[in-house]
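Heads up, the thing below is written out as structure tokens.
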Amino acid sequence: MAEISIRNVTKSFQATSVLREVSLNIADGEFLTLLGPSGCGKSTLLRILAGLEVQTGGSVAIGERIVDGVRPKRRDVAMVFQSYALYPHMTVAQNMALPLRMRRLSSWQRLPLLGRFMPGTTATTAEIERDVTRTAKALGIGHLLARKPGQLSGGQRQRVAVGRAMVREPAVFLMDEPLSNLDAKLRVQMRAEIKELHNRLGVTFVYVTHDQAEAMTMSDRVAVMLDGELLQVAPPQQIYADPDDRRVAEFIGSPKINMLEGKVLEAGLANMAGAAFSVPVQVASGTTITIGIRPEAFHVVDSHGLNVLTGSVRMVEHMGSDLFVHLDVPGTDHPVIARLLAERAPQIVSGQTLHLGVKPERLLLFSADGRRLRPEDHAGATVLRMKEHVQ
Amino acid sequence: MSSASSTATKPAASSADRPGTRKALRHHRLAETFTAWSLAGPALVLLVVLFFLPVFAIFAIALTDWQFGASTLSFVGFGNFKEVFADEGFRASLVNTILYVTIVVPGTIILGLVIALLIESGKSFRAFYRAIHFLPFMATLTAMAIAWEALLHPTIGLVNQTLTGLGLPTANWLRDENTVLPALAMIGIWQNLGYAMVLFLAGLKSIPQDLYDAADIDGADLWLDRLRTVTLPMLGPVTMFVFIVVALKAFETFDTVQVLTQGGPGHASEMLLFTLYRESFEYLRTGYGASVAVVFLSIVVALTLIQARVMDKKVHYQ
Amino acid sequence: MSTPHSQGLSAPSAVMRHCVLLITGALILVPFVWMVSLSIKPPGEIFRASFSFWPQQFYGIENYTRALTEAPLPQYMLNGVFVCTMIVVLQIAVCAPAAYALAKLDFPGKNLLFAMVLIALILPHEVLSLPLFILGYQIGILNTYAALILPFVVSPFGIFLFRQFFKTIPDDVIHAARLDGLSELAIVWRIMVPMALPAIIAFAIFSVVSHWNSLFWPLIAVRDQSLMPPPLGIMAFKNEEAGNDYGPLMAASTIVVAPLIIAFLSAQRWFVEGLTGGAVK
């Protein structure tokens, strides 16, 4: 059983702090993705799980065992690297056999020439060869075993890297941006293959990426990281629809979520960009809040009113099935972007005035410091709720 | 589809067919050719005069009995080569050179590699250690040879003083035919190991950290396992390159022989370049000297071609 | 060794590393130290069979004065500076335009020219010395500065190195320069060479170091003391009289070796790049 438990892990390089008090539990057999922009510390966290990097503070347990100070070799984890890190001078078969040789053969048995005369070497070597062949067949690279990495395509190398990790049947798979060196089409295909592999093996996967599409499509849960902190850990749909933090809302979704500053007028109503919005949260009137509206939450309405933004169309981008409408709304710094279904939207031209309505339940409200304000909550309760969520 | 492409290309083709356009195109090409040759002209002339004519000349002279200053010469075919290979002095020179190279090359490579590995294994004082070990490679060898002569001096030299102090036997290093070649080889290793070290350091730097990480996770995490799994195999191409380059440098050893031993005692430290120099310019046996030059050239070219072959094969390491 | 790679060595290994490197480094430095040590000792101490680095009687002034006055050492140094400067300037002047033509222009004979450069690159210069000596004799330049400089004014290595570097400069830069009205020669000197400055510097260091240190060709080309570059000069000084007079001889050696060592220590990275240039990539 290999659930992973990360407790208050910190990491700093000299003066820069890369991870701050990260705590996270990963269930056995779960597919968890660490998602964040480059430099957010997600790869460092993965390398700490692998044992390639030692944390400055805190503790990591894999299964029942605290693994702090345990060498990578003894952690029962396998890793797939962004660059694949295949040994270029070895054939595919030798690459895949290496982790098994290192574990199943003694250092005497691994001696260059003498090794094969040691008792048991031949039998173990044959067994390793069988395991390698079986894994290679399962991944569809059985015919490549005699080749060297230099003779393989990007996708084939990727499979070999997965094969090298898979062959030793580890309790945990660690993957560090494994698809980012592939072209877009192959990436989509490999995405599905990795997900399938996870279903088949049923072991714990920890997957690092900066690509939200990968995170959303593959994961059981996504952990969004920024500046060395975990902002939210939740299933993909919840990350998108119910973000805990303004930064999570801004990171997920394309085009980016629209963020509008507003002021609470009275209980249940806020004024923003010349329009009134219903805000079913209990905050004192006069408080500044931010209202997040996803581009796809808008729909065209006939006239101005409650929960309607009005402005003049700056630009229309036709994306085929969708339209991206950029709307200049008086009182906002940036144009508001709306994503409308092409077949449902009326003819829209630049310069015209447009009214965009939003259903109140699709408004995401954030306090001035970026915390999510949920309906039915008042500000104090929100903080409590957030704490529970992270635990 | 096909009609669209034909209409697209037709105007272009017809405009190129127009005499005016063709003329302009030809003119443009001519102008570029003229510019190119006037830019490369001086280099071309000098390459021909300073490299290619001399090479042809050396082959031509090698086939004659010409002596520098003599007004007559006659064609002797391979006579000079027969004489060269029959000559005990030359045979000694060739054997000495090969022996010298077989000491210097492995010595330089092993020491250079070990020092590079040691320097790269830590982070502190890297530049300092690199500078110290590289120093001999760029110090004027003629001057340093004189320092070595003082070090190897039979009575007042530091080497013999140290050996005496340790109760070990001493030697007259540069005057004893048994020790002179190893002594020169030691100087050769001393001079070149910094060069090998720098090349190995560059090679080590180009090994991706990911490979070491992968080795850690795969279980090859002990120093020797990492060395065998990642470091040494990844240094393969560099090692081959260092091998050839150091071999070439060793074949071209001249300064130490000229300054320290003049090939002596007897022929014990005579090496190819020194033979070439003495026969050509001291004894003025021009035809003979040219043959030695041809033999020397063949060795160098052979080594270089091997290197080119090997470097081509390195592709699968990418 | 059990700590991950990125964490560096364990304490005992780190100590071992420094021990071994300090010992090998010290051994490497022995000839330099010995040279300097002898250069400041009086003859009596040199021939005493006991070793100390620092002399009991400091004799440096006398030794260095003799080195500088008894042999025309300042003249040797000046010769070295002059010859090396001329060679490197002429090499760049000849090689850069040719390298530009090979890297960026298209013309019939280009492949042939490049093949010639590659062949010339293989030829060891010593092999050419006999015909070059005869050529020098025929045109009457033996025993002049010209004899020391002329054989080296074109460097196949220079052409090759510059071509490789020029090739990495985008064509659009040249197109823009042409539209701005620069002549092809102006493009070489005002665009390509400044952009390829690292390669030019590396090559210049390579050229200066190898010609400052070279003994073989000067030995053949000049006889007059007034023309000798440092290595030849110091050899003459040794043969002539110094023989066993180690003090002044070591002082002279130190003076010859010093300029490059000082330059190397102050611009280490450039020297390493220059002397291994092209070799690495």
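The values are calculated or read from the model by the stated rules, or taken from the named source; none is laboratory data. If you're wondering where the values come from, they're calculated on a predicted model, not measured in any experiment. Every residue, glycine as well, gets a Cβ built from its backbone with ideal geometry; the counts of neighbours run over all protein chains shown.
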*Go through region C:189-225 and give me each residue that's in contact with a helix residue (DSSP H, G or I) (Cβ under 8 Å, 6 or more places away or on another chain), under 25 Å from B:ARG278 (Cβ atoms) and part of a helix (DSSP H, G or I).*
C:HIS211, C:TRP212, C:ASN213, C:PHE216, C:TRP217, C:PRO218, C:LEU219, C:ILE220, C:ALA221, C:GLN225
*Which members of region A:170-193 meet the condition of being of a type in the set (Asp, Glu) and touching a Leu at 6+ places or on another chain (Cβ under 8 Å)?*
A:ASP176
*Residues of region B:250-264 being in contact (Cβ under 8 Å) with a residue 60 or more places away in the chain and more than 8 Å from chain C (Cβ to nearest Cβ), which ones?*
B:ALA250, B:PHE251, B:THR253, B:THR256, B:VAL257, B:LEU260, B:THR261, B:GLY263, B:GLY264
*Hits in region B:228-237 (condition: more than 9 Å from chain A (Cβ to nearest Cβ) and either farther than 17 Å from A:ASN95 by Cα or surrounded by fewer than 19 Cβ atoms within 10 Å (Cβ to Cβ) (or both))*: B:LEU232, B:LEU235, B:PRO237
*Restricting attention to region C:100-120, which residues are under 18 Å from C:ALA199 (Cβ atoms), charged (D, E, K, R) and within 7 Å of chain B (Cβ to nearest Cβ)?*
none
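Results for (1) within 32 Å of the chain's Cα centre (by Cα); (2) outside the structural domain of A:LEU341 (by TED's automatic domain parsing); (3) under 16 Å from A:ALA338 (Cβ atoms), shown as yes or no for each residue.
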{"position": "A:MET225", "(1), (2), (3)": "yes, yes, no"}
{"position": "A:PRO235", "(1), (2), (3)": "yes, yes, no"}
{"position": "A:ALA249", "(1), (2), (3)": "yes, yes, no"}
{"position": "A:ALA273", "(1), (2), (3)": "no, no, yes"}
{"position": "A:PRO280", "(1), (2), (3)": "yes, no, no"}
{"position": "A:SER285", "(1), (2), (3)": "no, no, no"}
{"position": "A:PRO295", "(1), (2), (3)": "yes, no, yes"}
*asked:* On the basis of being under 30 Å from C:GLY136 (Cα atoms), surrounded by 17 or more Cβ atoms within 10 Å (Cβ to Cβ) and either within 8 Å of chain C (Cβ to nearest Cβ) or of a type in the set (A, V, I, L, M, F, W, C) (or both), does B:ILE119 make the cut?
replied: no
*State all residues of region C:183-205 that are among the charged types (D, E, K, R) and surrounded by fewer than 20 Cβ atoms within 10 Å (Cβ to Cβ); if no residue qualifies, say none.*
C:ARG190
*Would a scan of region B:62-84 turn up a residue that is closer than 20 Å to B:GLN258 by Cα and more than 14 Å from chain C (Cβ to nearest Cβ)?*
no
*Out of (1) under 18 Å from the mean Cα position of the chain (by Cα); (2) at pLDDT below 90, what's the single condition that is false for C:GLY181?*
(1)
*Got a number for residues in region B:138-169 being under 25 Å from C:SER207 (Cβ atoms) and more than 7 Å from every other protein chain (Cβ to nearest Cβ)?*
1
*How about region B:71-80: which of its residues are free of Cβ contacts under 8 Å to residues at least 40 places away in the same chain and assigned to a helix (DSSP H, G or I)?*
B:GLY79
*Grab the helices (runs of 4 or more DSSP H) fully contained in region A:102-214, keeping just those with 1 or more residues being within 18 Å of the chain's Cα centre (by Cα).*
A:184-201
*Of all residues in region B:170-210, which are in a helix (DSSP H, G or I), within 14 Å of chain A (Cβ to nearest Cβ) and touching a residue at least 24 places away in the same chain (Cβ under 8 Å)?*
B:GLY203
*What number of residues within region A:45-56 satisfy the criterion of being more than 12 Å from A:ILE6 (Cβ to Cβ) and more than 14 Å from chain B (Cβ to nearest Cβ)?*
1
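Scan region A:80-88 and give yes if some residue there is within 14 Å of chain B (Cβ to nearest Cβ), within 20 Å of the chain's Cα centre (by Cα) and β-branched (Val, Ile, Thr), otherwise no.
yes
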*Unique match (being within 14 Å of chain A (Cβ to nearest Cβ) and touching a Leu at 6+ places or on another chain (Cβ under 7 Å)) among B:ASP225, B:ASP218*: B:ASP218
*Top-ranked residue of region A:27-44 - restricted to ones that are away from every other protein chain (no Cβ under 14 Å) and not in a loop (DSSP other than H, G, I, E, B), ranked as farthest from A:VAL224 (Cα to Cα)*: A:PHE31
*C:ALA251 vs. criteria more than 9 Å from every other protein chain (Cβ to nearest Cβ) and within 17 Å of B:THR261 (Cα to Cα)*: no
